[in-house]
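The values are calculated or read from the model by the stated rules, or taken from the named source; none is laboratory data. Just so it is clear, the structure is predicted and the values come from calculations on it, not from any experiment. Glycine gets a Cβ as well: all are built from the backbone with ideal geometry, and neighbour counts include every protein chain shown. Just so you know, the surface numbers come from the protein's heavy atoms only, side chains and all, with ligands and any DNA or RNA stripped out. Shrake-Rupley method; radii C 1.70, N 1.55, O 1.52, S 1.80 Å.
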Amino acid sequence: MIYLDYQATTPLDDEVADLVDNAGRRFWANPSSPHMAGMRSQEAIEGARRKMVRILGCRPRELFFTSGATEANNWAISMVKASQEHHIITTAIEHKSMLDACRAFQRGGGDLTVLPVDNKGFVNPTEVKRAIKPTTRLVSVMAANNEIGSVQPITDIASVTGEAGVPLHSDATQAIGYLIEDITQYPADLVSFSSHKLYGPKGIGALYISDKFQTSNKGVPSLLHGGGQEGGKRPGTQNLPAIVGFAKALELSRAALTDERSRVKQLKSMFLDLLLSHHPDIMTNSPQELCLPNCLNIRIPGLDAGELMSAVPHVAISAGSACNSNDQQPSHVLMAIGLSAAEARSSLRIGFGRTTTPEETRDAALAISAAVSLMKAS
């Protein structure tokens, strides 16, 4: 199999897998237990947290572990009480976890604005400014889109929200491995991200909550109720092996950041050039500039993406977000950038990653190209 679906998930790094297995065997005691074994487990968690905050540039009290970015996104939205006196702004191409959390907020009586994007998936900071009301309590704009790769102008948006005194949340799940280095220099008050997009284990993520946000809101509203874990804000026995793996995955990602960013960008360019040399009518839904270096979304006029994927079963690609894989509706992201339902259904997402080789890239492009030729001829 040639795996080209890195926006959906990444394979678990071997070094991370070994560390996760070792942590599960070594630190099996409950981290909240007062005895020596429990204290060793707690120290393993806090050691992982310290490692992550050193890499990210933030403070331990600003980083909260969650079950993933979906939970982190829901937590961010839950910090605004649903009522007509409270307004949230987001965009039409956010991840399903964010849009569904925002719609739940709206169903509960909250005021919601969903901003449109242009034909390459960018939100206009001016539109954000126009949408802000005296009752606006949160603006949420993702760092980079998981389907087409658009990297949002967060700095400009943050200038708008900062001037208005409104907190900014950003889902950085796709960006944390390629774009964001020092999270304190990324101008958002709350940032969600997860491990399994960094070659780490599934079931673990984090929400960065800045000291500034915590101070202005007189603390952090609890996500759950129960024990005292995560400062009492996200109780429940922590997934220690996954947390340790998360920290290692982030460390390895940072060590290879510059070289890997350049390498996958070259693979993406090589793949697209090969496809276009055989089928010049193929169109790109992803922007050329301000795009995730490893994400490519293409449209093949007149062909069904599902049928094409079935024709190349040894190439792992997708027709949209993995979270919507069982949904028969066309991608909300592609519809938001102006595509028709038929155009959305003729679109494919290809993602490149750490284990992708130039040979695999070439073979995948040629296999897809051959399948397209057969489908056009039939």
Task: Dipole magnitude (debye, nearest 20) for the range 227-348, charges at Cβ of Lys, Arg, Asp, Glu - done: 460
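Sort out the exposed loop GluC sites (Glu not before Pro) in the chain (DSSP loop, at most 15 other Cβ within 10 Å) and tell me the longest stretch that has none. Walk me through the intermediate numbers first.
Working: sites that count: E85, E181, E289.
Answer - 182-288.
At a Förster radius of 35 Å, what calculated FRET efficiency corresponds to the Cβ-Cβ distance of R50 and K218, to the nearest 0.05?
Values: r = 26 Å, r/R0 = 0.75.
Result of the calculation: an efficiency of 0.85.
If you place +1 on the Cβ of every Lys and Arg, -1 on the Cβ of every Asp and Glu, and leave all else neutral, what size is the dipole of the range 179-264 about its Cα centre, to the nearest 20 Debye?
On the way: 10 positive and 8 negative charges, 48 e Å.
Charge dipole, the range 179-264, about its Cα centre: 240 debye, nearest 20.
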- [ ] Using only the alpha carbons of the range 222-274, determine the length spanned along each of the three principal axes and report them from longest to shortest in whole angstroms.
- [x] 55, 21, 15
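Nearest-5 percent of antiparallel DSSP beta bridges in the chain?
Working: 19 of 34 bridges.
Bridges in the chain are about 55 percent antiparallel.
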- [ ] Would you mind finding the longest exposed-site-free stretch of the chain, with exposed trypsin sites (Lys or Arg not before Pro) meaning DSSP loop and at most 13 other Cβ atoms within 10 Å?
- [x] 219-378
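Under the rule of -39500 (n - 2.57) per DSSP H run of 4 or more residues, summed and divided by the residues of the chain, what mean residue ellipticity at 222 nm is obtained, to the nearest 500 deg cm²/dmol?
-12500 deg cm²/dmol
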- [ ] State in Å² the accessible area per residue of the chain; use a 1.4 Å probe, count heavy atoms of protein chains only, and round to the nearest integer.
- [x] 43
Open item on the list: Give the lysines reachable from K233 as a straight Cα distance under 16 Å; neighbours fewer than 8 places away on the same chain don't count.
Closed with: K218
TODO: Could you name the aspartates and glutamates whose alpha carbon sits less than 13 Å from that of K376, not counting residues in the same chain fewer than 8 places away?
DONE: D281, D304, E307
Open item on the list: From the protein chains alone at 1.4 Å, what is the descending order of accessible area for H278, H196, largest first?
Closed with: H278, H196
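Using the Cα centre of the chain as the reference point, and only Cβ charges (+1 on K/R, -1 on D/E), how large is the resulting charge dipole? Debye, rounded to the nearest 20.
Values: 36 positive and 38 negative charges, 190 e Å.
It comes to approximately 920 debye.
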Open item on the list: Cut-off under 17 Å on the C-alpha distance; same-chain residues fewer than 8 positions from K268 excluded. Which aspartates and glutamates are left, in chain and number order?
Closed with: D5, E147, D259, E260, E289, E359, E360, D363
Task: DSSP bridge pairs, the range 84-203: antiparallel proportion in percent, nearest 5 - done: 5
Open item on the list: Using a 1.4 Å probe on the protein heavy atoms, what percent of the accessible area of the range 1-157 belongs to carbon and sulfur?
Closed with: 51
- [ ] Select from I157, A37, L179 the residue farthest towards the positive end of the dipole of the chain; place +1 on Cβ of Lys and Arg, -1 on Cβ of Asp and Glu, and compute about the Cα centre.
- [x] A37
Open item on the list: Can you find, among P125, A72, T91, the residue sitting farthest towards the positive end of the charge dipole of the chain, where Lys and Arg contribute +1 and Asp and Glu -1 at Cβ?
Closed with: A72
Open item on the list: If you roll a 1.4 angstrom probe over the protein chains with everything in place, what fraction of the accessible area of the range 253-375 belongs to carbon and sulfur, to the nearest %?
Closed with: 55
